[in-house]
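To start, the structure under review is shown below, and the notes come after it.
Just so it is clear, none of the values below were taken in a lab; they were calculated from the coordinates. A quick note: this is a predicted structure, and the numbers were derived from the prediction, not measured. With ideal geometry, Cβ positions are generated from the backbone for all residues, glycine too; neighbour counts draw on all protein chains shown.
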């Protein structure tokens, strides 16, 4: 089993209903067990548009390899109504699932970069991760708790 972290976000539809549902769906996938969930947070869009996002992070234990895990998450996004309009980067969405960390794996393929390349710059990732474990180490970047001050200027507020 490998410990991995997944970021969840949505700003269309009913995110406060969809995020708990997607966590249940992820937990039901063979080879995945959700072991922790952060609080839900409201965050302003970054490099995006539309209403504020609802975000969270989950920790999972998995036997699924990174690329296959990413494909599983993308399928779940699509099942939750995710549309990816051509030519529009970071469009508003009903569900966004990002594989942040997969054990201590470092990789870069056409479809997946681990650790997630911008996670250390995003309050909507770091603050929820700190709810679960602020000692998590992001390879070549540092511990989550040490990175939190670098995102202190980004709007984020707990919802639960």
The simple spin-label model distance between residue 141 and residue 155, using points 7 Å out along Cα→Cβ, in nm, is 2.3 nm
Dividing the helical contributions, -39500 (n - 2.57) per DSSP H run of n ≥ 4, by the residues of the chain yields a 222 nm value, nearest 500 deg cm²/dmol, of -8000 deg cm²/dmol
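Pull out the extension gain between residue 109 and residue 67, defined as 0.36 nm times the separation in residues minus the alpha carbon to alpha carbon distance; nm, one decimal.
Details: separation 42, 0.36 × 42 = 15.12 nm, distance 0.89 nm.
Here the segment from residue 109 to residue 67 would lengthen by 14.2 nm.
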The relative contact order of the chain, taking Cα pairs under 8 Å that sit 6 or more residues apart, comes to a percentage of 30 percent
Checking 54, 35, 94 against a Gaussian network model of the chain (alpha-carbon springs below 10 Å), the top fluctuating residue turns out to be 35
